[in-house]
Structures are given as structure tokens and as C-alpha cells.
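Where a number appears in this text, it was derived from the coordinates with a stated rule and is not lab data. What you are looking at is a predicted structure, and each value in this text was computed from that prediction instead of being measured. Cβ sites come from the backbone with ideal geometry, for glycine too, and all protein chains shown count toward neighbours.
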């Protein structure tokens with residue numbers, strides 16, 4: 001069976017490319033002495049997490065408890081960093097259960113979150129490791145100065161059931177130097193005030209090849225690198241042949257020679273533009289743009305004839321791989337054109 | 001149990017508002033003598049399709065075969081219009097099976113699609129009804145002039161297993177007069193050439209209250225009207241109190257007084273901007289904008305203090321309801337603040 005026998009739209013994952021991507025970045029991290037902790041939000045598949053660990057990753061990163069629960073459901077994954085402020089009784093009791101099963105760290109950037117974690121883990125045998133999240137310019141979560149990081153670290157080390165594990169940041173893109181500077185300043189502030197900072201966790205696929213510029217980092221989190229996507233091609237992080245995830249679609253209409261419609265819309269490709277023009281890259285048709293998406297229609301156009309005919313199958317490299325694999329209950333594993341397996345996306349839709 | 005006991009992020013559906021929306025638009029269609037054929041892509045839930053039919057809808061609209069298969073899985077829905085060009089052997093054999101179970105119509109806008117349908121249904125006892133899709137300015141699928149519609153209708157009536165059922169369009173927004181003109185011209189062209197046009201199917205929630213301006217229409221397809229959303233508020237199609245679908249989210253971080261982060265990101269709200277600024281409307285916090293989304297983080301900001309605190313739950317009206325209900329395996333049915341049921345989104349992710 002080749003992928004041309006697969007019904008459309010389907011998300012194809014080329015395992016040859018997946019393995020190459022995992023190996024290549026693991027080797028890079030090894031060469032600069034940086035621990036690699038892949039983010040499984042991209043693939044949400046236990047078998048792929050195991051490949052990453054087998055190659056040398058120190059553990060994995062998850063974004064939600066439900067994602068962690070799902071990813072450990074099919075085998076031994078024993079080291080998880082949950083890069084999210086865990087809030088509320090329901091989630092805290094599940095976090096406690098998760099900590100019985102794996103070596104667990106979480107992040108926090110505020111007192112309310114830390115107090116909740118302490119109360120939940122107060123009677124636990126093992127203290128929960130908490131990394132303080134620092135904003136280094138991405139303007140998402142994170143304390144905004146070293147003093148705040150110090151204050152939270154101090155509280156963490158005083159409260160029962162929890163212990164300070166280090167610093168973590170979700171960095172802005174293209175600012176490795178600033179990220180390093182902010183984290184170094186924060187780490188120095190803590191260490192000068194007698195708080196050890198054993199881990200400094202940095203991440204982000206766009207700047208993955210500049211990780212060596214962040215000398216303060218002890219570990220690096222990357223998600224998209226396993227599949228790659230159009231946004232990373234555009235940033236120069238990878239090339240087209242490194243993209244493991246493609247959306248297979250069928251041309252269903254060619255209303256005029258300059259237009260075509262495919263059966264992949266925003267319910268597969270998503271509306272994620274990632275700052276680009278158009279909703280994906282049509283493999284072998286660089287002159288064609290995906291100019292508009294309805295829910296189940298992708299509208300393609302070109303200056304001259306598209307060259308596409310009704311019934312033809314095309315492959316699309318989406319702007320953002322992580323959100324596309326989350327749209328489908330299963331993906332199709334391939335090796336080049338050969339289909340090897342229909343694979344359930346185990347942690348798809350796990351938002352709790 | 002009230003919705004404040006529900007874990008976040010969750011998609012809440014207020015059934016009181018759902019029922020009001022269904023009734024109100026059915027009454028409007030009744031008053032102008034227009035058949036209503038709701039599009040179930042918005043909710044993907046059989047129980048809600050049944051509500052729509054009980055109120056007087058003539059049948060339902062589906063966008064994909066898998067959506068139709070799922071929606072009829074839980075009870076009697078006997079009239080489906082599948083508004084999609086069905087292409088390829090796998091889908092055609094499923095279409096044939098579907099036609100054994102319900103009164104089925106499909107659309108087509110090209111010869112290749114029509115030939116495939118004819119071959120699949122050649123030996124069927126009942127001819128498959130095909131509506132020819134006409135482009136009236138939306139630049140998606142559809143023939144682009146009356147002559148093409150006539151040519152396809154002629155072929156449909158000649159080939160075995162299929163019969164011409166009328167015209168269908170996915171109209172551009174805010175152009176009711178043009179839509180009517182184009183369809184009238186096409187219908188006249190066919191009728192002047194001795195082809196009956198029993199059905200003219202028009203649709204679209206943004207212009208749902210202008211359906212009376214499209215005098216040529218015999219039926220109207222609407223999806224979003226059952227839930228409504230921010231895009232329809234912005235267009236003046238509905239008001240805030242008519243929005244049945246909201247995303248319940250928890251504030252997980254307030255890095256500065258002017259910023260807050262909630263646990264609903266693009267994997268729940270989607271990146272669908274629908275031409276607006278920001279990713280949704282925060283109920284009771286009109287001064288707060290959802291300025292940026294990561295996969296699991298929603299970044300909120302305001303000119304002055306947001307007034308939000310960590311742990312607080314907020315409700316967000318998303319830009320586009322149809323794509324949000326497709327992100328989650330289940331939604332929470334409520335009546336006002338009371339939770340009445342956790343409801344599976346039966347046809348979620350059904351793209352084949």
C-alpha cells in the first residue's frame with residue numbers, strides 16, 4: 001500500500017525523515033553538552049516519544065496533565081517536565097497521581113499557583129520539583145524580573161511538599177543573546193542569594209540551531225523539530241526535505257485554470273498563519289498558493305494555470321505541524337511512499 | 001453542578017439559547033416560505049440535528065460523508081444534502097451505502113465528479129439527485145456561468161444512476177442581490193432550455209436575515225446560527241446574548257496588571273480570526289483583548305489593569321463557533337449556569 005491509496009485528507013508522517021530529524025538534533029545537543037527534552041505536544045504519540053528517548057533525550061516535555069497521562073499510557077516514560085501553571089483542585093489531584101508514576105517537574109510563575117501545588121503535595125513522600133518560569137521577552141507567562149524569581153524560589157523552598165528545581169523560559173524567537181542575558185542575570189541573582197539553580201530549561205524550534213548561544217541553558221525543549229513545517233522552512237531552520245508531516249489532499253474542483261479547490265480546509269490545515277502568507281506549501285507546485293480556507297475546502301490559486309486536475313492528489317506542508325497533528329484522530333506512518341501503519345494520535349485533543 | 005465545577009478549558013453549550021436560536025430562525029423561514037436545511041458541521045451532534053428537524057427543518061446539510069455517517073448513527077435523520085464534490089472510489093462506495101439509508105442529494109461542479117457519481121450509482125435502484133454548484137462570487141467551488149451549469153445539468157440527465165436536482169451556491173457575504181441575480185439568470189437559462197430546476201439551495205449565517213432578498217431560493221442552509229459567535233456579533237447578525245457556545249477558561253498567570261494568560265489557546269479557540277482583531281470576546285471584560293494564542297495559552301491584555309486574577313474562570317465567545325466545537329471530543333450542555341450533560345461531539349474530526 002502506498003500513500004496514494006490513502007483516503008484524503010490524511011496527515012502523513014514519513015518515519016525516515018522523523019528518525020533523521022531526531023538523530024540530527026540529538027547529535028547537535030550532544031556536541032554542545034546540552035540535555036535534550038523534546039516537547040511531545042507536536043506529535044502526541046507514545047511511540048515517537050520512545051524514539052526520542054532511545055536516541056538520548058533526558059526526558060520529555062508536556063503542556064497539559066492530560067497530555068502526560070496519555071503519553072505514558074503505552075509504556076515507560078519516566079521523566080516529565082510539565083511546562084504549565086497547574087491551577088485548581090481537579091488538576092492538582094491528577095498531578096499528585098501523575099507524580100506517583102513518573103519523575104515529575106512542573107513550572108510556576110505566581111504565588112497562587114505555588115501555594116496550590118504545596119497544599120496538594122504537602123503529604124507526598126517526594127517533594128514536587130518546581131521550575132520558576134521567567135519571561136525573556138515572549139510576553140506569555142513568566143516573572144518579569146530576577147527579584148520576582150528569587151521571591152518565588154524562596155517561597156517554594158519554604159513551603160511543604162515542593163522544592164525549587166531551577167528556571168525555565170519560553171523564549172522569544174531570534175533573541176538568543178537576550179534570552180541568555182536575562183537568564184544569566186536571574187540565575188546570578190538567585191545564586192548570590194544562596195539559592196542553587198540546578199536546571200535552566202530553554203526551548204523553541206525556530207532557534208534550535210542557536211542553542212549553543214544560550215550558555216546558561218542546561219536543557220533544551222523542542223517540539224516541531226521532529227516533523228518540521230513551512231514556518232521553519234521560511235525561518236531557515238530546516239529545508240523542505242526535512243519536513244516529515246504533510247497533508248495529503250485531493251483536488252475536488254478546478255473552477256478556472258488559475259484556481260483549484262482541495263478537500264483539506266481549516267479543519268485539517270488549521271487557520272494558523274504563523275506570520276506567513278497562505279496556509280501551506282504545495283509540494284512540487286511552488287507557483288500555487290493556498291490563498292483561503294473554508295472548513296473543508298482549501299482554495300488554491302496561481303498567476304497562470306495551476307496545472308492541477310480534479311481527482312489528483314497533492315501533498316501540503318502546513319504552516320505549523322503541531323496544530324495539524326492535533327486535528328486528526330490518526331495519522332498515516334509512511335517510509336517514503338510506502339504506508340507502514342495507521343497510527344492513533346493518542347493525546348489528540350487532551351487539553352485538561 | 002454548575003459550569004464553574006467544570007474543568008477548563010471546556011466548550012459550554014447553553015441549550016436555552018440553542019433552542020431559542022433554532023426556533024427564531026425556523027419562524028423566520030416559515031414566515032417567508034423558505035425551506036430550512038441546517039448545516040450540522042457547526043455542532044456535529046445528532047441530538048441537536050433532531051431538535052432542528054423537530055422544529056421544522058426539511059432535512060440537514062453535511063459537508064463530508066463521514067459527517068453524515070456519524071450524524072445518522074444515533075437515530076432517524078432521513079434527508080441529507082451533502083454539499084461537496086465526492087471524488088474517488090473509496091468515498092463513492094460509501095456514498096452508495098449512505099444513499100441506501102437516507103434520501104440523499106449531493107452537489108457537483110465538474111464533469112469528472114459527475115462521471116464518477118454516475119458510475120457508482122449506475123446499478124442503483126434510485127437515482128442520485130445532484131445539484132449543480134454555482135459560484136455567485138465566493139470564489140470557492142462552483143461553475144462560473146449559466147452555460148456551464150446547463151452543460152452539467154444536461155450531462156447529469158443523460159448519464160445513468162443520477163438525476164439533476166437543481167442549483168446550489170455557497171454565497172459571498174453581504175451580496176444577497178448579486179447572489180439572487182446570478183442564480184435567477186442561471187435558472188432562467190436552464191428553464192428556457194427545458195431543464196426543470198426544482199431546488200435552489202442558498203446558505204450562509206452572516207446574511208441569514210437577508211434570505212428574503214434571494215427570491216429565487218427554495219431552501220436555505222445555515223450552520224453557525226444554532227450557536228452564533230463573535231464574527232456574527234460583529235456583522236450585526238446576532239447579539240451577545242444569542243451566543244450559545246462559549247469557551248470556559250481559567251486565568252493561570254497575571255505577569256503584569258495589564259496582562260493575563262488563560263488555559264485556552266489555539267488548540268481550543270483555533271487561530272481563526274474571521275477577519276477580526278483578537279481571538280475572541282471575553283464575556284464581562286470588554287476592555288480585555290485576546291491578543292495572541294499559543295497552542296495552550298491565550299494571552300490577554302488591556303490598556304489599564306485587566307481586573308483578572310489567577311484561578312478565576314472566564315467565558316470566551318470565540319470568533320468562529322464551527323471550528324471550536326470541532327476541537328473537543330465533548331462539550332458541556334448547560335441551561336444558564338447549570339450543567340445538564342457532558343455531550344460527545346459525535347462527528348468531530350470526521351474529514352473523510
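Using only Cα atoms, tell me the angle between helix A:15-31 and the longest principal axis of chain A; keep it within 0 to 90° and round to the nearest 10.
Here the helix axis deviates by roughly 30 degrees.
Between 0 and 90 degrees, rounded to the nearest ten: what's the tilt of helix A:111-121 against the longest Cα principal axis of chain A?
80 degrees
Give me B:36, A:276 sorted ascending by neighbouring Cβ count inside 10 Å, so fewest comes first.
In increasing order of surrounding Cβ atoms, one gets A:276, B:36.
I need the per residue convex hull volume for the stretch B:292-335, using only the alpha carbons, in cubic angstrom as a whole number.
139 Å³
So for A:175, A:341, fewest C-beta neighbours within 10 Å to most, what's the order?
A:341, A:175
Counting only other chains, and only Cβ atoms inside 10 Å, what mean value do you get across the residues of A:256-267? Present the calculation step by step, with values, prior to reporting the outcome.
Values: counts 3, 0, 0, 5, 0, 7, 0, 10, 1, 4, 7, 12.
The shielding value for this peptide is 4.
Just from its helices, what would the mean residue ellipticity at 222 nm be for the protein assembly as shown, if runs of 4 or more DSSP H residues each count -39500 (n - 2.57) and the sum is divided by every residue, rounded to the nearest 500 deg cm²/dmol? Mind dumping the intermediate values first?
Values: 18 runs with 196 residues, N = 704.
For the protein assembly as shown, the value works out to -8500 deg cm²/dmol.
What is the stretch A:230-319's relative contact order, in percent, from Cα pairs under 8 angstrom and six or more apart in sequence? Mind dumping the intermediate values first?
Working: 190 pairs, mean separation 33.9, N = 90.
Dividing the mean separation by the residue count of the stretch A:230-319 yields 38 percent.
Once you keep just the Cα pairs under 8 angstrom separated by 6 or more residues, what percentage relative contact order results for the stretch A:192-240?
This gives 37 percent for the stretch A:192-240.
Would you mind pulling out the separation of the Cα centroids of the stretch B:259-314 and the stretch A:191-206, in Å?
29 Å
Extent of the protein assembly as shown along each principal axis, from alpha carbon coordinates, in Å, largest to smallest?
Extents along the principal axes, in whole Å: 91, 52, 40.
Cut-off 10 angstrom, C-alpha nodes, Gaussian network model of chain A. Which of A:100, A:63, A:52 fluctuates the most?
Maximum among the listed residues: A:100.
Since chains B and A are linked by a rotation, which residue in B has the beta carbon closest to its axis, and how far is it in Å?
Closest to the rotation axis on chain B: B:271, 2.
For peptide A:123-132, compute the average count of partner chain beta-carbon atoms within 10 Å of each residue's beta-carbon.
0
For chain A, just the Cα set please: Rg and Dmax, both in angstrom.
21.7, 70
Tell me, B:267, A:24, A:123, A:91 in order of fewest to most beta-carbon neighbours within 10 Å? Before the final figure, lay out each step's value.
Values: B:267 27, A:24 13, A:123 9, A:91 23.
With the fewest neighbours first, B:267, A:24, A:123, A:91 line up as A:123, A:24, A:91, B:267.
Which of B:277, B:323, B:262 ends up with the largest GNM mean-square fluctuation for chain B, with Cα atoms connected below 10 Å?
Result: B:277 has the largest fluctuation of those listed.
Copy-to-copy spacing for residue B:174, label 7 Å out on the Cα-to-C-beta vector, in nm, shortest first?
Ordered by distance, the counterparts are at 3.3 nm.
Given labels modelled 7 Å from the Cα in the Cβ direction, how far is it in nm from residue A:188 to residue B:196?
It works out to 8.7 nm between the two label points.
Among DSSP beta bridges lying fully in the protein assembly as shown, give the percent that are antiparallel, nearest 5.
50 percent
Could I have the simple spin-label model distance between residue B:126 and residue B:177, label points 7 Å from Cα toward Cβ, reported in nm to one decimal?
Simple spin-label model gives 4.2 nm for this pair.
Taking each residue of B:83-89 in turn, how many C-beta atoms of other protein chains fall within 10 Å of its C-beta, and what is the average?
Rounded to a whole number, the mean comes out at 5.
Using only the Cα atoms of the stretch A:230-319, build the gyration tensor, take square roots of its eigenvalues as a ≥ b ≥ c, and label the shape rounded, prolate or oblate: rounded if a/c is under 1.5, else prolate if a/b is larger than b/c, else oblate.
Working: a/c = 1.70, a/b = 1.50, b/c = 1.14.
Because a/c hits 1.5 or more and a/b exceeds b/c, the stretch A:230-319 counts as prolate.
Taking the Cα centre of each part, how many Å lie between the stretch B:1-21 and the stretch B:62-133?
Using only Cα atoms, the two centres lie 34 Å from each other.
What percent do you get for the relative contact order of chain B when only Cα pairs under 8 Å and 6+ apart count?
Computed over chain B, the figure is 21 percent.
If you build a Gaussian network model of chain B, linking Cα atoms that sit under 10 Å apart, which residue out of B:132, B:252, B:107 swings the most?
Highest fluctuation of the listed residues: B:252.
Along Cα-to-Cβ, 7 Å out, sits the label point; list in nm, shortest first, how far the one on residue B:147 is from those in the other copies.
7.7
Considering only the label points, 7 Å along Cα→Cβ from Cα, what distances in nm to one decimal separate residue A:303 from the same position in each other copy, shortest first?
So the distances to the same position in the other copies read 4.4 nm.
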